[in-house]
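I have placed the structure first, in the form of structure tokens, so that the comments after it can refer back to it.
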Amino acid sequence: MIQIENLSKVYDNGFEVIKDLTVTINKGDVISVIGPSGTGKSTFIRCINRLEEASSGRIIFDGLDLNDPSTDIDLVRRRMGMIFQNFSLFEQMSVLDNLTIGQIRLLKRSRKDAVERAKELLETVGLANKINSFPEELSGGQKQRVAIARTLSMDPEIILLDEPTSALDPTMVGEITAVTRNLAKQGMTMIIVTHEMNFARNVSNRIFYMDEKGIYEDGTPEDIFENPKKPRTKEFIFHIKSFNYTLDDEHYDYIELNNEYINFAFKNGVNEKNTNSGRLIIEELATIVPKSPQTTITFSAAGESNAFELICVYPAEERNILSDDNLSAMIVKNATKTQEYEYTDGLNRLTLKW
Ligand SMILES: Nc1ncnc2c1ncn2[C@@H]1O[C@H](COP(=O)(O)OP(=O)(O)OP(=O)(O)O)[C@@H](O)[C@H]1O
Ligand SMILES: [Mg+2]
């Protein structure tokens with residue numbers, strides 16, 4: 001459907017982001033583009049619909065060379081929908097008008113047909129009852145679903161999404177995943193830039209891992225998440241990610257701690273069972289550890305392998321809080337595989353693994 005040949009992109013300041021990228025995108029592909037920040041993921045998909053001009057190379061869409069002056073780029077863009085992270089709805093228009101305006105003005109549909117199509121699409125994104133609402137009355141997840149419906153109203157053949165869930169609460173990511181997965185089932189071709197590894201795993205048939213100015217590794221979700229072959233992919237996928245929290249006094253903000261932990265676990269693809277056991281361990285440990293500005297909890301997850309380590313550091317006299325005779329200590333011991341304790345330089349350090 002799209003052939004990209006030797007695509008290179010150098011920004012005006014001389015910065016080369018993409019070098020010699022060649023890849024074929026097939027009809028029906030649902031591709032998640034992942035990789036560290038700044039590796040050109042957005043640049044890559046913006047080049048595909050020429051929101052960004054390629055410096056060299058060719059992009060052939062359905063036989064049309066996008067750089068050929070005789071190609072009607074507006075027409076091509078209409079066939080490629082684009083979804084951004086910030087929804088970009090027309091705020092002063094109702095949901096219905098957001099969905100009909102393009103159809104009427106660009107596709108020259110009658111108002112009646114446009115309204116009919118808008119209703120159908122709102123149905124498919126679960127928002128039939130919001131037809132007369134205005135964007136400001138909707139939640140982020142709902143706005144993004146309207147944005148998707150609006151894009152679909154132009155009958156695109158491919159949809160490019162740049163971090164469609166990044167401006168949303170974690171609780172709303174599921175709504176977009178569900179809608180996107182339905183589109184995938186219906187055979188829609190999609191390229192999705194995302195930092196949500198669960199999202200990438202759940203919706204795509206191909207993953208592009210971007211690094212070193214191109215698609216560094218291309219494979220199925222299983223290839224990339226379970227058996228990445230190249231060193232940088234391995235580093236990215238299995239990289240030990242960690243999050244750190246200071247328990248400064250007895251009135252530490254336990255809701256914030258819990259919330260940060262849940263977000264961290266979700267972002268890093270920790271499965272539900274392990275997320276829950278981690279939460280229990282952190283909660284119980286936080287209850288019994290002596291609080292001080294030097295008391296920290298560092299939780300690390302080795303990516304998809306679901307191996308966890310929690311390091312808890314607290315000052316004062318030598319004392320292993322897990323040796324205490326209380327319920328919290330017992331729960332933590334039961335929930336973890338190993339518990340190492342050491343005391344150095346006035347700091348107690350507990351290392352728990354499970
Ligand atoms: N208009 C521009 N002019 C100059 N440099 C740019 C421009 N746009 C992006 N860049 C640079 O190009 C590199 C790639 O940017 P890009 O936005 O494509 O990365 P990304 O992979 O999407 O990153 P992120 O995950 O943070 O969104 C970055 O180093 C960025 O600073
Ligand atoms: Mg980006």
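Derivation of every value follows stated rules applied to the coordinates shown; laboratory data play no part. Keep in mind that what you see is a predicted model, and the values were worked out from it rather than measured. Cβ placement follows ideal geometry from the backbone for every residue including glycine, while neighbour counts extend to all protein chains displayed.
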### Summary
Measuring from its Cα centre, the range 239-353 shows a charge dipole (+1 at each Lys and Arg Cβ, -1 at each Asp and Glu Cβ) which, in debye to the nearest 20, is 520 debye
### Local electrostatic count at P293 - Lys and Arg +1, Asp and Glu -1, tallied over other residues with Cβ under 12 Å
-1
### Cut-off under 5 Å, modelled amide H: who pairs with I159 long-range
G81, T189, M190, I191
## Note on the structure
The rounded separation in angstrom of the Cα centers of the range 164-215 and the range 3-31 is 19 Å
### Task
Hey, can you grab everything whose amide H is under 5 Å from the amide H of Y216? Only 5+ residues off in sequence or another chain; H modelled, so Pro and N-termini drop out.
Y209, M210, D211
### Message
Only four residue types carry charge here, +1 at the Cβ of Lys and Arg and -1 at the Cβ of Asp and Glu. Report the dipole size of the range 2-237 about the Cα centre in Debye, rounded to the nearest 20.
### Response
500 debye
### Task
Taking H placed 1.01 Å from N in the peptide plane, check which residues at least 5 places from F90 or on another chain put their amide H under 5 Å from its amide H.
none
### Message
Between E136 and K337, what is the label-point separation in nm under the 7 Å Cα-to-beta-carbon projection?
### Response
5.4 nm
### Task
Find which of I207, L280, G81 sits farthest along the positive direction of the dipole of the chain, computed with +1 on the beta-carbon of Lys and Arg, -1 on that of Asp and Glu, about the Cα centre.
G81
#### Entry: All lysines inside 30 Å of K112 as judged from Cα atoms, apart from same-chain residues fewer than 8 positions distant
K130, K143, K185
#### Entry: Extension gain (nm, one decimal) between E256 and D20, 0.36 nm per residue minus Cα-Cα
80.5 nm
### Task
Can you quote the Å³ per residue value for the convex hull of the Cα atoms in the range 230-273, rounded to an integer?
80 Å³
### Task
Provide the FRET efficiency to the nearest 0.05 for the R349-E120 pair, computing r from the beta carbons and using R0 = 51 Å.
0.25
#### Entry: Spin-label pair S94/D248, simplified geometry with 7 Å Cα→Cβ offset, distance in nm
5.0 nm
### Query
What length, rounded to one decimal in nm, is gained on full extension from D62 through to E222, with 0.36 nm per residue of separation minus their alpha-carbon distance?
54.7 nm
### Query
In deg cm²/dmol, rounded to 500, what helix-only [θ] at 222 nm does the chain give when every DSSP H run of at least 4 residues adds -39500 (n - 2.57) and the total is split over its residues?
-11000 deg cm²/dmol
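Net charge within 15 Å of V10 by Cβ-Cβ distance, Lys/Arg positive one each and Asp/Glu negative one each, not counting V10 itself?
Value of the local net charge: -1.
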### Computed FRET value (nearest 0.05) for N326 with T171, which takes r as the C-beta separation and R₀ as 41 Å
0.75
### Task
For the range 331-345, just list the computed ³J(HN,Hα) in residue order, Karplus coefficients 6.51, -1.76 and 1.60, θ = phi - 60°, integers in Hz, with x standing in for Gly and Pro.
4, 4, 4, 5, 8, 10, 7, 10, 9, 9, 10, 8, 10, 9, 6
### Task
Go through the range 116-129 residue by residue and turn each phi into a ³J(HN,Hα) via Karplus (6.51, -1.76, 1.60, θ = phi - 60°); whole Hz please, and just put x for glycine and proline.
4, 5, 4, 5, 4, 5, 5, 4, 5, 9, x, 10, 4, 7
## Note on the structure
Residue by residue through the range 202-217, the couplings from Karplus 6.51 cos²θ - 1.76 cosθ + 1.60 with θ = phi - 60°, in Hz, x for Gly and Pro, are 7, 10, 9, 9, 9, 10, 9, 9, 9, 5, 6, 6, x, 7, 6, 8
